[in-house]
Amino acid sequence: MSNKLRAEYKPLSAYCFFSLGYDKEEKLMNNFNIIKRELEFCGRRLYIETGRMAKQANGSVFIRYGDTSILVTATMGKEPSEEQDFFPLTVDYVEKMYASGKIPGGFFKREAKPTTDATLAARLIDRSIRPLFPDGFRNPVHVVVNVLSYDGENEPSEIGVFGASLALMISDIPFHGPIAGVTVGYIENQFIINPSQNELNNLSQLNLAVAGSATSVVMIESAAKELSEEVMLDAVYAGHEEIKKLCALQNDFVAEAGKEKIEVVLQSIPEEIMAKVEADYGSRVAEAAMLFGKQERQDAFDVTEAEMLEKYQAEAENEETYAQNEKWYKAAYEELIRRYVRDSILNKHHRVDGRSLDDIREVTCEIDVLPIVHGSALFTRGETQSLGTVTLGGSSDEQIVDGLETEYKKRFYLHYNFPPFSVGEVGKMGAPGRRELGHGNLAERALIAVMPDKEIFPYTVRVVTDTLESNGSSSQASICSGCLALMAAGVPIKAPVAGIANGLIMEGENYVVLTDIMGLEDHLGDMDFKCAGTRDGITAMQMDIKIGGITKDIMQIALDKAHNARLKILDIMQECIAEPRKELAPTAPRIEAFQVPVDKIGEIIGPNGKMIKSIIEACQVEINIEDDGWVHILSPNQESIRKAKELIKSIIREPEIGEEFEGQVTRIEPYGIFVKILGGTKEGMVHISQMHTSRIGSPEDMVKLGDIVHVKALGMEKGKLSLTMKGVEGNPEPNHNSSKQDRPNRRDDRKGSYHPSGHNNPNYRKR
């Protein structure tokens, strides 16, 4: 480690051992063989240590960034998995609610399945570290990221990639690191590395997660607000500059804390078997690879493989010999396909379906493919097809998200489905897995950037995309189908969005970048680079690779090709529907939103919710009132919404002095009557002296319960509305001959009968 870099490390004074005293701290550290480092990184303290926690794992590190802490462990199985032809890596990201001082909800009061955010974080770490294990490595590896404390500002996943790499680096597990990850924000034309959650959520135009080594980038995941390709590229490499510092820190730490790497058996195809399969079936594979249709091509591959296995089984000396070699025959056959397809693309610029390097498969778009639903669209690109549907709802349909962060609500969410029939397979259909959650999150990020503000469109919007066929890039097809469905539903999005996936074939210094990769090119290629956006800029981007990293030049080419392809797809989409419809579907609910004074919310709700319930029942609507005074009224019937709105407006309205109203008598007392006005939302009192110009003996000389009368506002007295009937046309004349027998027998609030001449008569005067 250079003196300059070493100088950046600051001594840690009594951290975690402050109560023990210096001597005891030194003794404890010696007993545990604790090794630690501390670095100022992007304005916060980054502390790492090993040797104190989880010492039985192959590698473990405790990391604290700000007041966010994680424990990362890496453990390896002692024997390779003989049955699997891929590297068995498992990454778990474990959130415990105690980390943010919360108790889990529910009956059992303990964490159950991972949250969506935890699943996405685990997937991000997996995608970053997986390419850096040796080829042919088959020992199971388990990386666990435990979130121990969360300060609400420093996202644990930001240091998750760094922690996973460091735990693997100091372990005896083979790993071609180090790598690290950072988050990049973009605020006022400036890149911010590891911005706070407040900055990221409220100020930044960019949320970019980037992982890389000291020399190259290995993973990208981002959401953006229509940023240019130039800004996105600069953001990636602004983050990469900081990643280099974290890689240097790891190398220094490993020099002191690292274990010697275990020698493991790396599985590889025996050369003689590879040569035999190529000689016997190379030409058959070349013919099958030229078939255009995915299913037709796969059937040809399967038939040839079955013939090969049958032939070699018949030629084998015995069943035991064949059984030992069967998996190598299959592996050699797969490698033969890989070599042919990659060589054809790389050296001949010939793709298996006959396209040039930059050709997009045929695209078709349809809208309104389903009745009843609020919006629907079918997007087809080659043999990849996505059905998008939109459902509109009210505030009660918002998704409540509860995790380590403060509980919040989402008014736009997208659910991505990938049933087994979409790839011609038989399988179970159940809860969404990591792939479905990851693709759905990417599509949601791509579209949320163009969603209208709540004040403009106060609906909760759910988009569901069902993959009906898949031959590569179904996630980007779901963005296109979802966008078309939104426009068909009449959601006033700011601009149409389309997505495309590009690939890479690379051998040494020779490489080509492919536009619109299909499934086989994704499977056999070195990169999956997804990019979505509008005509004006990028809204989402994701990159996964199978090699050690890619250069800036390659990424620039991929971005340029994605931009050109995106514009072509947008042209086709807008031929189908040029802009969002002005009217919602007849089946969609109607919502009207308006704001009322916050201090009037209580009046609208009423005691025990009596007032709001009466409006809901009378108008047959759904009403949601938010703390900031926004009122949302939802109903399929516009007239019902209008009536409910009028009633609410009448509650918050203050009658002006002299304003006349029609109302119903709801209560009669000896001193006057109570009248409900403004549709029954406000009640005022007409004193007996204000009922007529002449003196009357009792209110019942003029009215009875339930009568409709005409009144005029006098103003407010002690918070109560005072009304008068004097001088207001349409009221009855008093019946001075009304008999006492016709009146109900009344009692005062204490005891005895009511006597007009008594002290409880408001007209009684002492003499």
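For the chain, what does -39500 (n - 2.57) per DSSP helix run (n ≥ 4), summed and divided by total residues, give at 222 nm, in deg cm²/dmol to the nearest 500?
On the way: 16 runs with 244 residues, N = 767.
Dividing the helical sum by the residues of the chain leaves -10500 deg cm²/dmol.
Helix 610-619 and the long axis of the chain differ in direction by around 80°, with both axes built from C-alpha atoms.
May I ask you to sort S196, S473, S344 by Cβ crowding, counting other Cβ atoms within 10 Å and putting the fewest first? Don't skip to the end; give the middle numbers.
Working: S196 20, S473 27, S344 17.
If I rank by nearby Cβ atoms, fewest first, I get S344, S196, S473.
Helix 294-315 versus the longest principal axis of the chain: what angle, 0 to 90°, nearest 10, using Cα atoms? That works out to roughly 40 degrees.
Spin-label point model (7 Å from Cα, Cβ direction): what's the F292 to N735 distance in nm? Distance between the two pseudo-spin positions: 9.3 nm. Per-residue Karplus couplings for the range 80-88, computed as 6.51 cos²θ - 1.76 cosθ + 1.60 with θ equal to phi - 60°, are listed in order as x, 7, 6, 7, 9, 9, 9, 6, x Hz, Gly and Pro entered as x. Among 290-303, 308-321, sorting by the average number of other beta carbon atoms lying within 10 angstrom of each residue, highest first, gives 290-303, 308-321.
Debye sum, Cα scatterers, the range 609-676, no solvent: what log₁₀ I/I(0) at q = 0.20 1/Å? Those come out to -0.93, one per q. As a rough guide to protection, the peptides 173-185, 609-621 ranked by mean Cβ packing within 10 Å, highest first, stand as 173-185, 609-621.
By how many nm would the segment from R581 to L705 grow when fully extended, if each residue of separation counts as 0.36 nm and the alpha-carbon distance is taken off? Numbers along the way, then the final one.
Values: separation 124, 0.36 × 124 = 44.64 nm, distance 5.18 nm.
39.5 nm is the gain from fully extending R581 to L705.
Amide H contacts of R590: S635, N637, each under 5 Å away and 5 or more positions distant or on a separate chain (H built 1.01 Å from N in the peptide plane; Pro and chain starts excluded).
Taking the Cβ-Cβ separation of N251 and E507 as r and a Förster radius of 30 Å, what is the calculated FRET efficiency to the nearest 0.05? E between N251 and E507, to the nearest 0.05, is 0.55. Computed 3J(HN,Hα) for the range 700-712, one whole-Hz value per residue from the Karplus formula 6.51 cos²θ - 1.76 cosθ + 1.60 where θ = phi - 60°, is 6, 6, 10, 9, 10, 4, x, 5, 9, 10, 10, 10, 10, glycine and proline marked x.
Across the range 547-559, rounded Karplus estimates of 3J(HN,Hα) from the backbone phi angles (6.51 cos²θ - 1.76 cosθ + 1.60, θ = phi - 60°) give 10, x, x, 10, 8, 5, 4, 5, 5, 4, 5, 4, 5 Hz, Gly and Pro being marked x. Gain on full extension, evaluated as 0.36 nm per residue between A275 and Y98 minus their Cα-Cα distance, stands at 57.9 nm.
The distance linking the range 191-247 with the range 454-468 is 28 Å (Cα centroid to Cα centroid, whole angstrom). In whole angstrom, how far apart do the alpha carbon centroids of the range 276-344 and the range 492-514 sit? First find each Cα centre; the distance between them is then 30 Å. With neighbour counts taken as other beta-carbon atoms within 10 Å, the residues C531, C576 rank, fewest first, as C576, C531.
In Å, what Kirkwood hydrodynamic radius results for the range 271-348 from the alpha-carbon pair distances? Before the final figure, lay out the partial values.
Working: mean 1/r = 0.0764 Å⁻¹.
Hydrodynamic radius (Kirkwood, Cα pairs) of the range 271-348 is 13.1 Å.
The convex hull built on the alpha-carbon positions of the range 574-720 has an orientation-averaged projected area of 12.0 nm². With both labels modelled 7 Å from their Cα along Cα-to-Cβ, the V401 to A314 distance reads 6.0 nm.
Recomputing Cα Rg over 2.2 N^0.38 Å from the coordinates shown identifies the correct label among (1) 1.07; (2) 1.13; (3) 1.31 as (3). Less than 5 angstrom separates the built amide H of R667 from those of F674, all sequence-distant by 5 or more or on a different chain.
Against the chain, whose longest principal axis is taken from its Cα atoms, helix 434-448 shows a tilt of about 60°.
Diffusion coefficient of the range 41-257 by Stokes-Einstein, Kirkwood radius over Cα pairs, 25 °C, 0.890 mPa s: 137 µm²/s.
Exceeding 27 Å between C-alpha atoms, which entries from my cross-link table qualify? They are K409/K600; K330/K530; K109/K454; K410/K645; K454/K568; K610/K718. Pairs exceeding 27 Å: K330/K530; K109/K454; K454/K568. Sorting the segments 212-218, 476-482, 255-261 by their mean number of nearby beta carbons within 10 angstrom, highest to lowest, gives 476-482, 212-218, 255-261.
Bear in mind these aren't lab numbers, they're just calculated from the coordinates by the rules spelled out. Everything quoted here is computed from the prediction, not taken from an experiment. We place every Cβ from the backbone using ideal geometry, glycine too, and count neighbours over all the protein chains shown.
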